[in-house]
Amino acid sequence: MSTEGKDQGKDQGKDRVPIRQLPTGVPGLDEILGGGLPEYSFNIIAGAPGSGKTTLAHQIIFANATPERPALYFTVLGEPPIKMLRYQQQFTFFDDAKMDGAIRFINLSQIVLDKDLGAVLDAIIKEVEASKAGIVVVDTFRTVARKALNTVGEMELQGFVQSLAIHLASWQATTFLIGEYVDGEVRDNPVFTVADGLFWLQQNIARNSIVRKMQVIKLRGQESVPGLHTFRITDAGLQTFPRTFGLTDNKSEHVKGRRRLSTGIPKLDAIMGGGIPEGDSLLVAGPSGAGKTVLGIQFIAEGLHQTGGPGPGGTEPGIVAMFEELPNEFMQRAASFGYDLKKNLKDGSLKLIYLRPLDLSVDETVHEIVNAVKEIGCKRLVIDSLVGFEMALAPDFRTDFRESLYRMIGALTRLGVTIVSTVEVEENFTSMGLSNFTISFLADDILRLRYASINGQLRKLMMVVKMRRSKHSIDMCAYEVTSKGLAIGEPMRGYRALTSGIPGPWLVQSAGVPPLHPEAEGEPNE
Amino acid sequence: MDMSSALMRDWARRLLAVEAASQSATGAHVHEAVRVCEKLQISLTRFAGSDGFTSLLRRALALACSDVPSLQIVKLKPDGSLEGCEVLAVSVTNGGPEAAVAITAHLLGLLETFIGAPLTLKLVREAWSDAPLDEQHSRNRG
């Protein structure tokens, strides 16, 4: 757009009617909706039985109802209101005080059974006008629609919905019709055509796991976050996990690689050209027992020894998201290498996130990590390990794993968090894989650890495979895991086929091929 | 009898007393238990539908019959009103006032069972905004 065009757009924006946004009362949902519920909108909450529709509606009314602008909850032949109240009051958002007039339940079953659509409309309008309701819910509207389609026709139903929408908007009510619908019904449905907002809740079974997802299929007047968002129902009601991870408002000015972060292993820093560029994502790939977790511990501990960082005592706060061992096991392991991190746990400069396996959604997991990052101002994050992370997810989410991980790593590194992720690779002696999960594209930098059979010993080798925008050593160095952490030795010289794991002595220089300079460096990867 | 039932019996007695006083003032001839049920019917039907109210009252009547067998002649009409309430007007020795308390207390008790005492009180308040019920409720809660 030209400058003139932009200015015109700005001027036009000044004249636009402001749409106030109401809070949903559902953590994460306001972000998905692009800020909240558009006031005076006419919405449908659709989904199969048990998908959380009624609970969502209750959260919305408890978040918004006041004695001056009450919420009217019309029940129609669905869950009996007495039982609904019995169950809904178990949620922590249920506020007794609001039942004193701010929230009113009205049963329309008899009118729906005995009379026509006109009488239903009259009853709703009468109550809304008398109460000056700010929020109106009809649960379930599907019953009304079904009765209408059985007795009159689609046109009459559309006319009824249209009249309802007009009247309720005129009386400045934000409305929610709740209905049990299945996927195929969204097309050509007169009810959906009239609606300003359409929220679709799903509950899928994948093997032995339940996966709940929500989609904002349409929302007039504002930009919502597209796609399926995971949600969970707990005793606090629905909690959604937006695909944007709560980071849509972050305008980070972080420039990647402005400085280097020490790994706590000076020789590794040297190999990497001075340490890990701040804001990079480093993938440490290697077989079991190669020292990946130890490297992670050293990286975190080094940050906690800093004195110029934003954390307590000038530390660079760190988080370890662990999927394979328990926090106390991690602490013991760190202590065995000489790192006493109890003080850091106490002062908040270190946070250990242990995510219980099974049925996790990837977005939920990522949210937990992102929230912790925000909470402690994390500068260093270790994910140990990506394989464990994936295994902890419900099967349905494993297909989304790489995509979600990509979004998370992108979002966090843009904030300036430096991430070290470990991944176990199955060692073989015919090739050198970087990861079984083809996730190396997530990493700015890749460090490969591997075993090699040399002189009858199983030796450990380390090599920097890739560093984006940065020069690095191309040496393959021997290293050991000692009681103080990783001890890196000299570059392995005089061997051929080290990457195969079964090297042999370097005997003959190929004719016509000049020898590589022993101090040659790897070029930055783009 | 458990504490919550005692609370509902107390509420029932208070509501019946309020209605009896009101009846004396207006000179009406409908038994106070019937008037209590009618008033509860209005707020409960609005909230739970007429089916919701009649099913609760039917159950309350059955429970009350166990306490006061003379109530067996009382029947529930399809419109949710009580029939054969003459038994409520008889003397204490024939279980009259106790019968009225039993029906009312069991109806309130069912609501308490399903939605809890605080929400039951709010529903009752819709019909009797100034009935002296809160003090007793708070005491039991505290």
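Derived scalar couplings between HN and Hα for segment A:312-323 equal x, x, x, 6, 9, x, x, 10, 10, 9, 10, 10 Hz in order, rounded to whole Hz, by the Karplus curve 6.51 cos²θ - 1.76 cosθ + 1.60 (θ = phi - 60°), x for Gly and Pro. For residue A:420, the residues whose amide H sits under 5 Å from its own are A:282, A:381, A:382, A:383, ignoring neighbours fewer than 5 places away on the same chain, with H placed 1.01 Å from N. Rounded to whole numbers, the Karplus 3J(HN,Hα) couplings from phi for segment B:41-52 are 4, 5, 6, 6, 5, 4, 7, 10, x, 5, 4, x Hz, using 6.51 cos²θ - 1.76 cosθ + 1.60 with θ = phi - 60°, and x at Gly and Pro. Here residue B:42 and residue A:210 are evaluated by their C-beta separation; at R0 = 51 Å the FRET efficiency comes out at 0.75. Under the simplified labelling scheme, the residue A:17-residue A:487 pair shows an inter-label distance of 7.6 nm, with each label point 7 Å from Cα along Cα→Cβ. For chain A, the square roots of the Cα gyration tensor eigenvalues, ordered a ≥ b ≥ c, give a/c of at least 1.5 with a/b greater than b/c, which places it in the prolate category. Between residue A:217 and residue A:259, the FRET efficiency estimated from the beta carbon spacing at R0 = 41 angstrom works out to 0.35. Pairs over the 27 Å Cα-Cα cut-off, from the set A:346/A:460; A:126/A:147; A:53/A:132; A:53/A:98; A:351/A:484: A:346/A:460.
Note on chain A: with charges restricted to the Cβ of Lys and Arg (+1) and Asp and Glu (-1), its dipole about the Cα centre is near 920 debye. Phi angles across segment A:59-66 convert, under the Karplus curve 6.51 cos²θ - 1.76 cosθ + 1.60 with θ = phi - 60°, into 3J(HN,Hα) values of 4, 5, 5, 5, 7, 10, 5, 9 Hz, Gly and Pro given as x.
Equivalent ellipsoid of segment A:266-396: semi-axes from √(5λ) of the C-alpha gyration tensor, largest first, are 23, 18, 15 Å.
Mind checking which aspartates and glutamates have their C-alpha under 13 Å from residue B:77, skipping anything on the same chain fewer than 8 residues away? Those aspartates and glutamates meeting the cut-off are B:38, B:51. Taking a straight Cα-Cα cut-off under 17 Å and skipping sequence neighbours fewer than 8 places away in the same chain, the aspartates and glutamates within cross-link reach of residue A:213 are A:30, A:31, A:180, A:183, A:359, A:363, A:364, A:396, A:400, A:403. Each label was represented as a point 7 Å from its Cα along the Cα-to-Cβ direction; for residue A:506 and residue A:458 these points are 2.7 nm apart. Exposed loop sites here are chymotrypsin sites (Phe, Trp or Tyr not before Pro) assigned a DSSP state other than H, G, I, E or B and surrounded by at most 14 other beta carbons within 10 Å; excluding them, the longest clear run of chain A is A:1-428. Taking the helices alone, the protein assembly as shown has a mean residue ellipticity at 222 nm of -12500 deg cm²/dmol, built from -39,500 (n - 2.57) per DSSP H run of at least 4 residues and averaged over all its residues. Note: relative contact order over chain A, using C-alpha pairs below 8 Å and six or more positions apart, is 13 percent. Taking 0.36 nm per residue of separation and subtracting the Cα-Cα distance, what length does fully extending residue A:122 through residue A:414 add? Length difference between fully extended and current span is 99.6 nm. Remark: relative contact order (segment B:3-129) = 31 percent; criterion is Cα-Cα distance under 8 angstrom and separation of 6 or more residues. Amide H contacts for residue A:26 (H built 1.01 Å from N in the peptide plane; partners 5 or more residues away or on another chain; cut-off under 5 Å): none found. Listed by chain and number, the aspartates and glutamates whose alpha-carbon sits under 18 Å from that of residue A:471, ignoring those within fewer than 8 places in the same chain, are A:269, A:278, A:280, A:444, A:445, A:519, A:521, A:523, A:526. Selection among B:101, B:60, B:42 by position relative to the dipole of segment B:3-129 gives B:42 as farthest towards the positive end (Cβ unit charges, Cα centre).
Take the Cβ atoms of residue A:236 and residue A:149, set R0 to 51 Å, and the FRET efficiency comes out at 0.85. Peptide A:74-80 has a mean of 2 when you count, residue by residue, the C-beta atoms of other protein chains within 10 Å of its C-beta.
The eigenvalues of the Cα gyration tensor, multiplied by 5 and square-rooted, give segment A:18-241 an equivalent ellipsoid with semi-axes of 24, 21, 18 Å from largest to smallest. Once a ≥ b ≥ c are taken as the square roots of the eigenvalues of the Cα gyration tensor of segment B:3-129, is the result rounded (a/c under 1.5), prolate (a/b larger than b/c) or oblate (a/b not larger than b/c)? Taking the square roots of the gyration eigenvalues as a ≥ b ≥ c, segment B:3-129 is rounded.
Between the Cα long axis of helix A:362-376 and the first principal axis of chain A there is an angle of about 70°, rounded to the nearest 10.
With each label modelled as a point 7 angstrom along the Cα→C-beta vector, the residue B:98-residue A:343 pair spans 7.6 nm.
Placing unit charges on the Cβ atoms of the charged side chains and taking the dipole of chain A about its Cα centre, the candidate lying farthest along the positive direction among A:45, A:85, A:21 is A:21.
No value in this document is a laboratory result; all are computed from the given coordinates. Predicted model only: the values in this text are computed from it and were never measured. Note: ideal-geometry Cβ built from the backbone for every residue, glycine included; neighbour counts use all protein chains shown.
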